[in-house]
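This report refers to the structure that appears directly beneath it.
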Amino acid sequence: MSDRLLDIQNLSVTFGGLHALRDLNFHVDEGEIVSVIGPNGAGKTTFFNMISGMVAPTSGEILFEGQSIVGLDPNQITGLGIARTFQNVRLFANMTIAENIMVAQHCRTKQGAWGALFQTKAFREEERAIRAHAEKVLGFFGTRLIGYRLDQPAAVLSYANRRRLEVARAMATSPKLILLDEPVAGMNPKESAELTELIGKLRSEWGFTVVMIEHDMSVVRDVSDRVVVLDHGEPIAQGTYEEVSTDPQVIEAYLGRPVDGAA
């Protein structure tokens with residue numbers, strides 16, 4: 001059996017004649033951590049939006065575990081086992097920290113409106129299991145999001161802890177693949193280093209496959225098995241961090257000039 005978890009074939013999307021992505025071929029094997037990098041406007045977030053069902057491709061195919069997910073709604077894609085975070089944190093600010101994680105498990109629950117209305121034994125047992133799983137997920141981040149914080153609104157959290165909570169919410173859906181969109185954006189060096197270590201543990205301790213968009217090259221260097229570079233919606237290089245960081249096309253894409261033209 002193939003260990004290929006995600007397989008993207010000739011994927012393209014245009015907005016008003018502008019190619020955001022053009023003939024992209026991309027794959028992720030089960031258990032990999034793959035970083036997608038590139039200058040601003042390279043099509044990275046559009047790429048995530050298509051995988052997660054928020055943008056429909058103009059052409060091409062997206063296969064997850066061999067099944068096409070093109071045309072599925074985001075909730076259906078989450079149900080299949082793909083979760084994501086966003087570049088701009090999107091939490092339920094007025095819900096508690098625990099509730100933000102509990103609601104993420106809705107795609108895995110079995111008790112419906114009838115159980116909730118009449119507070120059946122099965123519903124109460126499922127609620128307890130959901131709460132216990134939420135606390136387990138939040139415990140992954142140490143003491144920052146548990147204890148007395150569980151019943152605090154997400155709005156009181158620091159920026160760094162909001163980003164941690166968003167990763168926790170993705171984890172709580174019990175995914176096979178997590179898409180992290182600039183997970184350390186806005187963090188100081190200490191916070192970035194801590195989250196970088198945790199990204200590695202998403203695989204080693206929780207068994208998740210990870211695809212990450214990130215501008216912080218130290219994070220990309222430290223956790224990636226493979227790096228894919230996009231520029232103007234097209235892949236221009238892929239390989240190890242060492243290979244792509246010295247690739248002339250990659251350097252030109254970031255600096256805006258040929259390498260041999262540097263003074």
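We did not get these values from a lab; they are worked out from the coordinates using the rules stated. None of these values were measured; they are calculated from a predicted model. Using ideal geometry, Cβ is built from the backbone for each residue, glycine included, and neighbour counts are taken over all protein chains shown.
Near the amide H of LEU21, within less than 5 Å, lie the amide hydrogens of VAL13, all on another chain or at least 5 residues away, with H placed in the peptide plane.
Of all lysines in the structure, those lying under 18 Å Cα to Cα from LYS201, and not within fewer than 8 positions of it along the same chain, are LYS136, LYS176, LYS190. Residues ILE101, ILE8, arranged from fewest to most other Cβ atoms within 10 angstrom of their Cβ, appear as ILE8, ILE101. Residues whose amide H comes within less than 5 Å of that of LEU5, counting only those at least five positions distant or on another chain, are VAL28, ASP29, GLU30 (H built at 1.01 Å from N in the peptide plane). For the chain, the convex hull spanned by the alpha carbon atoms encloses 153 Å³ per residue.
With a cut-off of 17 Å on the backbone N, the residues of region 74-92 near the modelled label site 7 Å out from GLN152 along Cα-Cβ are 91-92. Computed from backbone phi with θ = phi - 60° and the Karplus coefficients 6.51, -1.76 and 1.60, the 3J(HN,Hα) list for region 158-171 is 5, 4, 4, 6, 5, 5, 4, 5, 5, 5, 4, 5, 5, 4 Hz; x is used for glycine and proline.
Here is how the number arises for the chain: DSSP H runs of 4 or more residues each give -39500 (n - 2.57), the sum is divided by the residue count, and the result at 222 nm is -11000 deg cm²/dmol.
Exposure proxy check: TYR254, TYR148 ranked by fewest other beta carbons within 10 Å?
TYR148, TYR254
Using only the Cα atoms of region 135-234, build the gyration tensor, take square roots of its eigenvalues as a ≥ b ≥ c, and label the shape rounded, prolate or oblate: rounded if a/c is under 1.5, else prolate if a/b is larger than b/c, else oblate. Here region 135-234 falls in the prolate category.
The share of alpha-carbon pairs in region 1-103 lying farther apart than 21 Å comes to 41%. Arranged from fewest to most other beta-carbon atoms within 10 Å of their beta carbon, ARG90, ARG4 become ARG90, ARG4.
Averaging the sequence gap over all C-alpha pairs within less than 8 Å and six or more residues apart, then dividing by the number of residues, gives region 206-252 a relative contact order of 25 percent.
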